[in-house]
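FYI, it's all coordinate maths here, none of it is from the lab. As the structure is a prediction and not an experimental result, all values here were calculated from the model. Positions of Cβ are generated from backbone atoms using ideal geometry, with glycine treated the same way; all protein chains shown enter the neighbour counts.
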Amino acid sequence: MRETAARLLSEDAVPRACALACVGEARMRLRLEPSNGTLPAAVAHAQKLARSVRALADHYVTLGGEQ
């Protein structure tokens, strides 16, 4: 999701705040690395990234993006 779509909403809009928080969380997760380099840690890290991507996609659709 692009932040631009969220920023088009008014500053007090709840969907805007949720989408921007989700973008921030996704960026944070992208900077992190698996905790100890083991396969279980890598899988857990990938699952967290996947949840962030899913949430971004949901917000994108909610803000009027394509499905």
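Rundown of residues vs (1) without any contact (Cβ under 8 Å) to a residue 12 or more places away in the chain; (2) small (Gly, Ala, Ser); (3) in contact with a Phe, Trp or Tyr (Cβ under 7 Å, 6 or more places away or on another chain); (4) surrounded by 11 or more Cβ atoms within 10 Å (Cβ to Cβ), yes/no style:
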| position | (1), (2), (3), (4) |
| --- | --- |
| Gly24 | yes, yes, no, yes |
| Glu33 | no, no, no, no |
| Asn36 | yes, no, no, no |
| Ala42 | yes, yes, no, yes |
| Ala55 | no, yes, no, yes |
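Across segment 1-35, what is the number of residues that are in a loop (DSSP other than H, G, I, E, B) and in contact with a Pro (Cβ under 8 Å, 6 or more places away or on another chain)? Walk me through it before giving the result.
Going residue by residue through segment 1-35, those that are in a loop (DSSP other than H, G, I, E, B) are 1-2, 8-13, 32-35.
Pick out the ones that are also in contact with a Pro (Cβ under 8 Å, 6 or more places away or on another chain) and you get 9.
Counting residues in segment 1-35 that are in a loop (DSSP other than H, G, I, E, B) and in contact with a Pro (Cβ under 8 Å, 6 or more places away or on another chain) gives 1.
Scanning segment 5-19 for residues being farther than 12 Å from Ala55 by Cβ and within 14 Å of the chain's Cα centre (by Cα) gives a total of 5.
Of all residues in segment 57-67, those being in a helix (DSSP H, G or I) and in contact (Cβ under 8 Å) with a residue 40 or more places away in the chain number 4.
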